[in-house]
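Visitor: Let me give you the structure first, and then I'll get to my questions.
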Amino acid sequence: MVMMPKRIRFRKQQRGRLRGNATRGNYVSFGEFGLQALEHHWLSARQIDAGRIAAQHYLRRQGKVFIRVFPDKPISKKPLEQRMGKGKAETAFWAARIKPGTVLFEIAGVPEDIARAAMARIAHKMPIRCRFVGRRIAV
Amino acid sequence: MSHETPTLEAHLRDRLGSRYAKRVRATGRIPAVIYGHGQDPVSVSLDAKEALHFLHQGIHVFQVATPSGQETCLVKDLQFGHLGDNVIHIDLARVDLDEEVEVLVHLQFAGAPAAAAKSGVVLTHVLNEISVRCKVRDIPESIRVDLTKMPGDALHVGELPLPAGCVAATAKEALVAHLEFVSETAEGEAAEAPAATATPEVLTARKEKEGEGA
């Protein structure tokens, strides 16, 4: 199911800008391996869902997939052949704001080679460059 | 410690600040600071390859050779770079080998329970490291957890085999690993059903109406 918030304060948002690197959500927390974004992007709910389905089809009920991002930004788009003006259009889709370093997906309960292959399948569904990461050193 | 304390050669850093730290990193060294025991902090740099090699092995205690002498140091904190995984700075605290400290120790899982081989059952490691209180000389590199002998569906911190002299500082009831049952409906095709034309509830919508009525 495509993700979207249950409750929101305002129906529409300004576009904003994506600048800088991720300072939170930038390391593997829940699983053993992760897929880390290397570029800025608005990742749509459909793209996130496509990644999840690709991983679950590959893993075939072994391992667990964690989605670390949530599409909470409404993106509006005017219909085709609509004249300009007449106010801001309705929400077309929901997107997650991704900065370089954000961990998009995590996988637990499978060996590294299987996790790598599953992450490669997710990465093909992503509109940005990603890399495979493991847990970082704990002290 | 189940190993010989490795020695790291430290160079003093006379020029401090991010610009000079960046230059130190460019030469293949990691900036570090040694503090504690009521003495003045000393800014040093360590060989990056050597230090990271030991850190990846789970070693927490080093003999740091500085121009003023050798000091026993515990890795207190690591600072990571912009993508969250490259170590850019190390905090080292002066310690005595008989001092009691609290450190995070990596859990090394081995094997899987027989029930985990069934389809739809996933073995999830909830904790990958636990906090352990022990003397500096007793700090283990890692704790080996044999999951083939896992009692029931879950393993808790209280059931872990800890090395002699170590006490778990993490709550004993905390879950280390457990068997999770993946439901059929969570699978791809079942979840692919198109979402209804649901829209989120707008919390300010009613207020707008009241404002218009007033």
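What follows draws every value from the coordinates through simple rules; no lab data is involved. Note that the structure is a prediction, hence the values are computed from the model and not measured. So basically every Cβ, Gly included, is an ideal-geometry build from the backbone, and we count neighbours across all protein chains shown.
Visitor: Out of A:Lys88, A:Lys64, A:Lys12, any idea which swings most in a Gaussian network model of chain A, alpha carbons joined below 10 Å?
Guide: A:Lys88
Visitor: On to the next question. Could you name the lysines whose alpha carbon sits less than 28 Å from that of B:Lys149, not counting residues in the same chain fewer than 8 places away?
Guide: Reachable lysines: A:Lys64, B:Lys118, B:Lys172.
Visitor: At each listed q (0.26 Å⁻¹), what is the log10 of I(q)/I(0) that the Debye formula gives for region B:103-191 modelled as equal alpha-carbon point scatterers?
Guide: -1.29
Visitor: Would you compute, from DSSP H runs of 4+ residues alone, the mean residue ellipticity of chain B at 222 nm, taking -39500 (n - 2.57) per run and dividing by the full residue count, rounded to the nearest 500?
Guide: Dividing the helical sum by the residues of chain B leaves -4000 deg cm²/dmol.
Visitor: Regarding the protein assembly as shown, what is the average projected area of its C-alpha convex hull, in nm²? It would help to have the intermediate numbers written out before the result.
Guide: Numbers: hull surface 100.5 nm².
Dividing the Cα hull surface by four gives the mean projection, 25.1 nm².
Visitor: Once you list every other residue whose beta carbon is under 10 Å from the beta carbon of A:Trp42, what net charge do they have if Lys and Arg are +1 and Asp and Glu are -1? All intermediate terms of the calculation are to be shown ahead of the outcome.
Guide: Details: positive: A:Arg15, A:Lys73, A:Arg97; negative: none.
Net charge in that neighbourhood comes out at +3.
Visitor: Would you tell me the mean number of C-beta atoms belonging to other protein chains that fall within 10 Å of each C-beta in B:82-91, as a whole number?
Guide: 5
Visitor: Where a Cα-Cα gap under 16 Å defines reach, which lysines qualify for B:Lys76, not counting those fewer than 8 residues away within the same chain?
Guide: The qualifying lysines are B:Lys135.
Visitor: Let me ask something else about it. According to a simple spin-label model (label point 7 Å from Cα along Cα-to-Cβ), what is the distance in nm between B:Glu100 and B:Lys149?
Guide: Label-label distance for B:Lys149 and B:Glu100, simple model: 2.8 nm.
Visitor: In the Gaussian network model of chain B, springs joining C-alpha atoms below 10 Å, which of B:Thr66, B:Thr170, B:Thr199 carries the largest mean-square fluctuation?
Guide: Residue with maximal mean-square fluctuation among B:Thr66, B:Thr170, B:Thr199: B:Thr199.
Visitor: Whole-Hz ³J(HN,Hα) for each residue in region B:18-30, computed from phi via Karplus 6.51 cos²θ - 1.76 cosθ + 1.60 with θ = phi - 60°, x for glycine and proline: what do you get?
Guide: 4, 5, 6, 4, 5, 5, 4, 5, 5, 8, x, 10, 10
Visitor: How large, in Å, is chain A by the Kirkwood hydrodynamic radius built from its alpha-carbon pairs?
Guide: Final number for the Kirkwood radius of chain A is 16.1 Å.
Visitor: Continuing with this model, one more query. With a cut-off of at most 16 other beta carbons within 10 Å, and DSSP calling the residue loop, which GluC sites (Glu not before Pro) in region B:72-125 qualify? Please list them.
Guide: Sparse-neighbourhood loop GluC sites (Glu not before Pro): B:Glu99.
Visitor: Which entries of A:Lys99/A:Lys125; A:Lys88/A:Lys125; A:Lys12/A:Lys86; A:Lys78/A:Lys99 show an alpha-carbon separation above 21 angstrom in the structure shown?
Guide: On the way: A:Lys99/A:Lys125 17 Å; A:Lys88/A:Lys125 30 Å; A:Lys12/A:Lys86 15 Å; A:Lys78/A:Lys99 26 Å.
Those over the limit are A:Lys88/A:Lys125; A:Lys78/A:Lys99.
Visitor: In the neighborhood of B:Gly58, defined by Cβ-to-Cβ distances under 10 Å, what is the net charge if each Lys or Arg adds +1 and each Asp or Glu adds -1? Display every interim value, and only then the final one.
Guide: Values: positive: none; negative: B:Glu129, B:Glu141.
For residues surrounding B:Gly58, the net value is -2.
Visitor: Helix A:45-59 sits at what angle to the longest principal axis of chain A, using alpha carbons and giving 0 to 90 degrees rounded to 10?
Guide: 20
Visitor: I want to verify a result. In a Gaussian network model of chain B, Cα cutoff 10 Å, which of these has the top mean-square fluctuation: B:Val101, B:Val202, B:Val167?
Guide: Between B:Val101, B:Val202, B:Val167, it is B:Val202 that shows the largest mean-square fluctuation.
Visitor: Same structure, new question: To the nearest 500 deg cm²/dmol, what mean residue ellipticity at 222 nm is calculated for chain A from DSSP H runs of n ≥ 4 alone, each contributing -39,500 (n - 2.57), summed and divided by the residues?
Guide: It comes out at -7000 deg cm²/dmol, rounded to the nearest 500.
Visitor: By the gyration tensor of its Cα atoms, with a ≥ b ≥ c the square roots of the eigenvalues, what is the shape of chain B: rounded for a/c under 1.5, prolate for a/b over b/c, or oblate?
Guide: The shape class here is oblate.
Visitor: If you keep only loop residues by DSSP, which GluC sites (Glu not before Pro) in region B:135-179 have at most 12 other Cβ atoms within 10 Å of their Cβ?
Guide: Here the GluC sites (Glu not before Pro) that fit, given the DSSP loop and packing criteria, are B:Glu173.
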